[in-house]
Amino acid sequence: MKESKWSDEQLQELLSQLPKIKDDRDPRDIYQAIEIKMGKQKTKHGSCHLSQRLLHCSCFLFSSQTL
């Protein structure tokens, strides 16, 4: 598998520069919807390492904003 040119820290920095989004949905509902979509992607395309890293970073940012 090809190595990503960005580190986790670089991805987090890039994601933190995105505009803030207000979403009143329960974070658990959002995460569950993402898990369902990720499961469908895995069955179609196999494991997607970059998508998993982005999901991890976005969940980290989302959870730190709700504290």
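Observations on the structure shown:
- As for the stretch 25-34, it holds at least one residue that is loosely packed, with under 12 Cβ neighbours inside 10 Å, out of contact with any Lys or Arg (no Cβ under 8 Å at 6 or more places or on another chain), modelled with pLDDT of 65 or more and aliphatic (A, V, I, L, M).
- The stretch 6-15 - residue that is out of contact with any helix residue (DSSP H, G or I) (no Cβ under 6 Å at 6 or more places or on another chain) and not in a loop (DSSP other than H, G, I, E, B) and, of those, surrounded by the fewest Cβ atoms within 10 Å (Cβ to Cβ): GLU9
- Cβ separations smaller than 9 Å between residues 6+ apart or across chains give the following pairs from the stretch 16-39 residues that are part of a helix (DSSP H, G or I) to residues that are of a type in the set (Ser, Thr, Tyr) and loosely packed, with under 11 Cβ neighbours inside 10 Å: PRO27/THR66.
The values are calculated or read from the model by the stated rules, or taken from the named source; none is laboratory data. Source: prediction; values computed, not measured. Every residue, glycine among them, receives a Cβ derived from its backbone with ideal geometry; neighbour counts consider all protein chains shown.
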